[in-house]
Amino acid sequence: MLLANMQWRWFFIVLLILLFALGTNKSDALEEAEGDDIGRDKNGDELPEFISCVNSTIKTECHSSNNATLPLYLQLTLWTCEDNCKYNCMHNISDTRPPPLLQFEGKWPFYRLLGIQEPASVLFSLGNLLMHYYYLRVMTGKHKNNKSTNNKEWMDDSTIPKNYYMWPFILGYCWININTWIQSSFFHTRDLPWTEKLDYFSAAMSILYSVYFAILRIFHIEQRARQLWIGGVLLVLYLVHVGFMSFVSFHYVYNMIACGIFAFIQGAMWVLWYIVAFLKKDKRVLAYGHWVIYATGANAMAILLEVFDFPPLGRVLDAHSLWHFSTIFVTPLWYHFVIQDSLSECHWSLLPQTDDENYNYHQHYDNNEVERQEVIALRQ
């Protein structure tokens, strides 16, 4: 299929736009900050005017039936009267105060939409969710296409053989990432202690599972006992991480460092795997292995948006939401590699590496009747 090729181009276009927005916004913020030394290093929730606004507003607007005065959409998204007072005061202070824009309780001030606290991040999280769900359907053969010249239904990408030892782990990768983006959507809808924990713990699980996936594939771990042993070790590490964050200290810097280390390990493993194949001149791997380099490199560049934070554009788009946006375009690169790698490992014909949008991928199988019949049999 051509989705990966097309998304690769789109990603570069989007990334350039995002990096331009990042640089422009960063320089603007620095210029604005130069003219305002008052409260530059202070959080907005520490300002006397904010504290006074919140206290007075709660006294006048919050009473025994506090949530009864809130619109239904705010009640459904778990806003309380006190939360609503803080939200209104936050924007009132931000509107009347000169630049730079300050954070409140460690968060940038965003305009909510129908009770959704960070609409852009929710939208882009759902975009990532749909992308992983789409490829889950591709893997399981449920994404059909009727463009075949003989009017038979064919998939855009071949279904991975179910007897391939990585088959359950590929499905596991899809489901774990779907869960991660569901939790991300919940968290950005309402930033509450329990939604925050679910978001952070789900992200950590997806990173550790990516390491697990890389180990099993790169080192060809096909024995069930070894798979369970490696999985058990990583599971213990995950439970220790969750336990520390839950019962010792919910430490943001520690979480970022821990997740960053394992994300780096996972990316480095794939890069080294490709380098070894390149040095060995393994033509089979070199025919498609560059896709994992594209995916790893693109993901690393996208993380720049998470590292170099900046105030939200129009109080809607911040670096974190734009990072979520960019990962939508990274996902097809990874799954394209997984599909090609799986077909190669199972000795199926690779999908042609072509940029021709008119290429008939279904005819690719029609040219080999024996292989086509084997594909049909395995799919059934």
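The values are calculated or read from the model by the stated rules, or taken from the named source; none is laboratory data. Being a predicted model, the structure only gives us computed values, none of them experimental. Positions of Cβ are backbone-derived with ideal geometry, glycine not excepted, and every protein chain shown enters the neighbour counts. For accessibility, only protein heavy atoms count, side chains too; no ligands or nucleic acids. Shrake-Rupley method; radii C 1.70, N 1.55, O 1.52, S 1.80 Å.
Structure summary
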| quantity | calculated |
| --- | --- |
| Contour minus Cα-Cα distance for Phe264 and Val233 (0.36 nm per residue) | 9.3 nm |
| Projected label distance in nm at Leu114 and Glu49, using a 7 Å step from Cα toward the beta-carbon | 3.4 |
| Gain upon complete extension [Gln103, Glu345; 0.36 nm per residue less C-alpha separation] | 82.1 nm |
| Percentage relative contact order, the range 163-292, counting C-alpha pairs under 8 Å, at least six apart | 22 |
| Cut-off 14 Å (backbone N to label point 7 Å along Cα→Cβ of Phe250), residues of the range 85-109 | 105-107 |
| Ser344 - accessible surface, heavy atoms, 1.4 Å probe, Å² rounded to 10 | 10 |
| Cβ-Cβ FRET estimate between Ile303 and Glu61, R0 fixed at 41 Å, reported to 0.05 | 0.50 |
| Separation of the His290 and Leu313 label points, Cα + 7 Å toward Cβ, nm | 3.1 |
| The range 179-316 shape via C-alpha gyration tensor axes, a/c threshold 1.5 | oblate |
| In sequence order, calculated HN-Hα J values of the range 101-108 (Karplus, 6.51, -1.76, 1.60; Hz; x Gly/Pro) | 5, 9, 8, 10, 6, x, 10, 6 |
